[in-house]
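Participant: Sending over a structure as C-alpha cells; questions will come in a sec.
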Amino acid sequence: MRMVDSWRRRTGPERFETYTRWTLYLLLGFVPLLAASVIGTTELDEERVVAFTAYAGLVTLEAGLAILVIRQGVTAFRDSTPLPRGPVVLLLAVAGAAVVAAMLGLPPAADMGWAGRGGAVLVALATCLFAVTPVLTSPVLLPLALAASAVAALANRPAMDWPLVVPTFMLFGVVMVAITPSFRISVWMLGVVWEQERTRQLHARLAVAEERLRFSRDLHDVVGRALSAIALKSELGAELSRRGQGERAAEQMLEVRELAGDSLREVRAVVAGYRQADLATEVAGARSVLRSAGVRTRVIGEDTALPPRVQSALAWVVREGATNVVRHSAATTCTIDVAVVEEGGQRLGQLTVVNDGVTGPPSTGSGLVGLSERLSGLGGTVTTESSGGSFTLRARVPLGRGDVDAGGGTMGAP
C-alpha cells in the first residue's frame, strides 16, 4: 500500500525516471545468468576450475558495480554533473580481471556461437560498456562496441580458424551495436522528459512574472505623473510660504491635496482592476496556460447564465485551480465544468475543476484558504477531493432568487 501511495505521489517525470532506472538495473542484473549460460555450454577442464570460478565471481561483482555506476551515471546525466570516477575505475579493473579469468579459465571455441572464451570475454566487456553509456555519446559508444566484439572474437584463436573469426566478429558486433545504443537512448529520453518538465515550470514562473510586471507598469503609469506633480507643487508651496505669500501657498497645498485624492482613487482603481476577476476571461486564460503546459483542457457549461457577483467569485476559483494544476500536479487532462445545481431547495452556481495529476494527498494551501474566505462572504463553499488518480476542486455559491432568470448573464457577457 505504501508503495502504491509513493508511486501516486510521484510526478510524471519522476515515474518515468523510476521506470527507466529499474529497467536498466534489471538488464544488468541478468548478466550473471548470461555468463552462466555461456559457461554451461562450455566443456571445462579440471585444471581450469580455479580460473573458471574466479570468472564467475568477478562477473557477478562486475554486474553489481555496473548497476552502481549506471545509477550514478543517470543522475549525472540528469543533473549535468560529473560522474564519480572511483566506481568507474573499480568497474574497469574488475572487468579487466574478468577478461583475464575468462582467458585462463575457459577454452576457446572452435565454432561460431556464444560458448567458450569469446562469449565469456564479450559478457565482461559488454557489461562494463553498458554501465558507462549515460556519459558517452554515440560516436564513442559504437567504436567501443565494435572493438569489444573484435576482442571477443579474437579470444577464440587459435582454436578457431580465421575464416570463422570474421563471421564471429560480425555476430558479436551486430548484438553489441543493437543493444549498446538502447541504453544510451533510454537515458537520452529521460533527459528529454526532465527538460520538458523544467520548461513547464519555467512557463509557470514566467506567467507569474509577467503578471507582476503588468501590475507594476500600470501602477507606474497611473501614479508616476501625479507624484511628480505633487512633489513640484509642494516645493512651490514651501517657497511661496517662505516669501510670505500665504494665500498662494495655501492654494498650492489645496491643489496638492486634490492631486493626492485623485492619485488615491486611481491607485484604488488599479488595485481593484487587478483583484477583480471575470469568469470568461479567466477560463480563456486557464485554457491558454494549461495548453502551454501540455494539459488538454475541456470546458463544459460555457453558456451557463450566472449573476456578475457569482461569476466574479467563480473566476477566482478558475484562476487558483489552473495555477495549482500547472504548479503542483503532473496532469495531462483538465475539465472545467460550470453549472447551476439545486441542493436543499436552494440553487447554487457550481464550478468544478478536475485534473488527472494527483501527486499526493489533498492539502489546504494558502490559495485554497483565500478562496474559502472569499466565497464565504457570499455564503459559498470550496471543497477538494482526491480519488482514483484525479483531483477535484469544487466551489459553490448560492444564487439569489431570480438571479439566473432575471439578472444573470453568460460567461461571455457578464
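The values are calculated or read from the model by the stated rules, or taken from the named source; none is laboratory data. Only a predicted model underlies this, so the values are computations on that prediction, with no experimental measurement involved. Here the Cβ positions follow ideal geometry from the backbone for every residue, glycine too, while neighbour counts run over all protein chains shown.
Participant: Quick check on the stretch 77-100. Is at least one of its residues touching a helix residue (DSSP H, G or I) at 6+ places or on another chain (Cβ under 8 Å), over 30 Å from residue 19 (Cβ atoms) and without any contact (Cβ under 8 Å) to a residue 60 or more places away in the chain?
Facilitator: Here is the first cut: in the stretch 77-100, the ones touching a helix residue (DSSP H, G or I) at 6+ places or on another chain (Cβ under 8 Å) are 77-78, 81-84, 87-88, 90-92, 94-95, 97-99.
Checking the rest, the ones that are also over 30 Å from residue 19 (Cβ atoms) come to 97, 99.
If we keep only those that are without any contact (Cβ under 8 Å) to a residue 60 or more places away in the chain too, we end up with 97, 99.
Looking for residues that are touching a helix residue (DSSP H, G or I) at 6+ places or on another chain (Cβ under 8 Å), over 30 Å from residue 19 (Cβ atoms) and without any contact (Cβ under 8 Å) to a residue 60 or more places away in the chain, one finds at least one in the stretch 77-100, hence yes.
Participant: Still on this structure, I have one more. In the stretch 323-341, how many are at pLDDT 85 or above, within 27 Å of the chain's Cα centre (by Cα) and buried (at least 20 other Cβ atoms within 10 Å of the Cβ)?
Facilitator: The first filter runs over the stretch 323-341 and keeps only residues at pLDDT 85 or above, leaving 332-341.
Subsequent filtering for residues that are within 27 Å of the chain's Cα centre (by Cα) retains 332-337.
Narrowing the set further to residues that are buried (at least 20 other Cβ atoms within 10 Å of the Cβ) leaves 334, 336.
So the count comes out to 2.
Participant: What number goes with the only condition from (1) more than 17 Å from residue 92 (Cβ to Cβ); (2) in contact with a helix residue (DSSP H, G or I) (Cβ under 8 Å, 6 or more places away or on another chain) that residue 178 does not pass?
Facilitator: (2)
Participant: For a quick check of your reading: which helices (runs of 4 or more DSSP H) sit entirely within the stretch 50-162 and have at least 2 residues that are outside the structural domain of residue 23 (by TED's automatic domain parsing) and either modelled with pLDDT of 90 or more or closer than 16 Å to residue 173 by Cα (or both)?
Facilitator: Values: elements: 85-105, 116-131, 138-154.
Result: empty, no element qualifies.
Participant: Does residue 257 qualify as being out of contact with any helix residue (DSSP H, G or I) (no Cβ under 8 Å at 6 or more places or on another chain), modelled with pLDDT of 80 or more and not assigned by TED's automatic domain parsing to the domain that holds residue 229? If you could, list the steps in order and put the result at the bottom.
Facilitator: Numbers: out of contact with any helix residue (DSSP H, G or I) (no Cβ under 8 Å at 6 or more places or on another chain): yes; modelled with pLDDT of 80 or more: yes; not assigned by TED's automatic domain parsing to the domain that holds residue 229: no.
No; evaluated as a whole, the condition is false for this residue.
Participant: Yes or no: the stretch 242-252 includes at least one residue that is buried (at least 17 other Cβ atoms within 10 Å of the Cβ), at pLDDT 80 or above and out of contact with any Cys (no Cβ under 9 Å at 6 or more places or on another chain).
Facilitator: yes
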